[in-house]
1. Being closer than 19 Å to residue 191 by Cα and open to solvent by 10 Å² or more (accessible area, probe 1.4 Å) is the filter here, so list the residues in the range 228-251 that pass it.
2. Does residue 414 meet the test of being buried (at least 24 other Cβ atoms within 10 Å of the Cβ), among the aliphatic types (A, V, I, L, M) and either over 21 Å from the mean Cα position of the chain (by Cα) or at pLDDT 80 or above (or both)?
3. Being outside any loop (DSSP other than H, G, I, E, B), of a type in the set (Ser, Thr, Tyr) and modelled with pLDDT of 90 or more is the filter here; which residues of the range 146-177 pass it?
4. Given the structure, is residue 404 assigned to a helix (DSSP H, G or I), touching a Cys at 6+ places or on another chain (Cβ under 6 Å) and over 21 Å from residue 223 (Cα atoms)?
5. Of the numbered conditions (1) modelled with pLDDT of 80 or more; (2) within 31 Å of the chain's Cα centre (by Cα); (3) outside any loop (DSSP other than H, G, I, E, B), residue 115 fails exactly one; give the number of that condition.
6. So residue 170 clears everything in (1) buried (at least 20 other Cβ atoms within 10 Å of the Cβ); (2) in contact (Cβ under 8 Å) with a residue 60 or more places away in the chain; (3) farther than 20 Å from residue 71 by Cα except one condition, right? Which one?
7. Mind checking which residues of the range 1-48 are modelled with pLDDT of 85 or more, assigned to a loop (DSSP other than H, G, I, E, B) and open to solvent by less than 40 Å² (accessible area, probe 1.4 Å)?
8. What pairs come out if I take residues in the range 373-384 that are open to solvent by less than 30 Å² (accessible area, probe 1.4 Å) and pair them with residues that are at pLDDT 85 or above and among the β-branched types (Val, Ile, Thr) whose C-beta lies under 7 Å away, six or more apart or interchain?
Amino acid sequence: MAVEPASAILDLSSALLTKKSDDGEKIGIDEMLQRFLGDFGHWQMRHFVLTSLAWALEAFHTMVMIFADREPAWRCTAPGGGPGCGGVVDPRTVCDLKPGTWEWIGGPGVSTVAEWGLVCGEKYKVGLAQSAFFAGCMVGAGVFGHLSDSFLGRKGSLTIVSVMNLIFGCLTAISPTYWIYTLLRFLTGLSTGGVGLCAFVLATEPVGPSKRGLVGMSAFYFFSGGIAVLAAMAYVFQSWRQLYIIASIPSLLFLIMAIPFISESPRWYLVHGNVSKAMKVMHAIAERNGTHLPDGVSLALDDASSQKCDDPTNEVSTSSSLIDVVRLPLTRSRLILIVIINFLTSVVYYGLSLNAVNLGTNLYINVALNAVAEMPAFALTAWLLDVFGRKPLTIGTMWFSGVFCIAGSLIVSAGSLKTVRAACGILGIFGMAGTYNLLFIYAAELFPTVVRNAALGCATQAGQMGAILSPLVVVLGGGVPFMVFGVCGIVGGLLAFYLPETLNRPLYDTMAGMEVGEIVK
């Protein structure tokens, strides 16, 4: 393909983002932020913090199963109970004891396992309930990804999923039977699958291109922080029913103290033809940031063919869907790649996390330390994101994790070598936590506003499929899980080679705008 002169490219790019009309200058959101409002000022900071608090809610509703579905310790209550009687022993041996000769420490209400006897031949039900939650997340990510791109919007969808989390979380606490509990966990997952997705897009869309990567990566501190807080909550509230109530109350607080002060995305307003509301948000940003938006400057879509931005029925701005993503070769290949990479990343991330829980150490401390240990990975990838770019960092973090996982599979788990294998696992999750983090901002930049949440919903669905399958890999035991995780990391890094770099590229609004913009880049 012949290379166009630089001046021609700049002229065409400028034509896409800046338009002159009788009403004054019309520019894209990114250009307005860069030229007049600031990429990340006081308004964006406040909006980002309030919106990203939703990530802590997702952490509560997702990780509560670690504590609610745990196998508590037990003790003998009568002599002659069988092998193992004599103090606190491994709960897996209760299958060898006579009924009525032992009891759960803390009583039957300490966990779902104790209350409904999910041990021995019934143990599979623990995994079934957890898989039901992730299956709900998979469905919810697709449903709310579409709804937030269409009539509900980002804020509307975030409000609804928060209400659903509150209701289903509290109902779970009063589940009379195991099967109702499993159903409610599925419904909780249905809403939880849309929380982080909606929060991420809503928090990053008003941020300018120079800060978008760093800001987007920082959202995951709220998720890890939520896990650490949950561990403390679980330590105080030992009953699984109490814990579900306590883990659901923050959703109510979020609805009352955060949602009213969060703004709808100006990009969503714009692609739905509501320029006046989009401009109202931009003026609010200017006022809060202490900047000035000149008279006569207004917003326009990056689709040069759009002539009716103020018309809510404009098909150019509102009709795009996943069908359009699949139809266009440019976005179809991106969607396929990002879905597979998210699936592989999730298998490794959740698989290594489950291995860490089974270390036999204090559960509360272990979960809290795992959450805190992810934060350096977030900080490092956020710092390197704008240095090396999205693509090289995705490849590097996946290969980093893959290499150490493969190394762990080759180490015999005996004696002091157990520590070496554990270190490989820690380094493996360190690398994959970084990948898991940066994939959100990478995926958001690969697709235009009209389909961004829907595309992210597909990627999130793939991730939830990985979460469902990861326990099946863990039960294989020995060095097999490490080998599987290592292969997933290496293959994911290879696939990332086929994705384009998005560093310092515009955040497109429409499919047509992206198609033309990518041709002339």
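1. Selection gives 245, 246, 249, 250.
2. Values: buried (at least 24 other Cβ atoms within 10 Å of the Cβ): no; among the aliphatic types (A, V, I, L, M): yes; either over 21 Å from the mean Cα position of the chain (by Cα) or at pLDDT 80 or above (or both): yes.
No.
3. First, the residues of the range 146-177 that are outside any loop (DSSP other than H, G, I, E, B): 146-149, 153-172.
Adding the requirement that they be of a type in the set (Ser, Thr, Tyr) leaves 148, 157, 159, 162, 172.
157, 159, 162, 172, listed by residue number.
4. Values: assigned to a helix (DSSP H, G or I): yes; touching a Cys at 6+ places or on another chain (Cβ under 6 Å): yes; over 21 Å from residue 223 (Cα atoms): yes.
So residue 404 fits the description; yes.
5. (2)
6. Here residue 170 clears every test but (1).
7. 38, 39, 41
8. Matching pairs, first to second residue: 381/397.
The values are calculated or read from the model by the stated rules, or taken from the named source; none is laboratory data. The shown structure was predicted, so the numbers you read here are calculated from the model rather than taken from an experiment. Neighbour counts run over all protein chains shown; Cβ positions are idealised from the backbone, glycine included. SASA here: full protein model, heavy atoms, side chains in, ligands and nucleic acids out. Shrake-Rupley method; radii C 1.70, N 1.55, O 1.52, S 1.80 Å.
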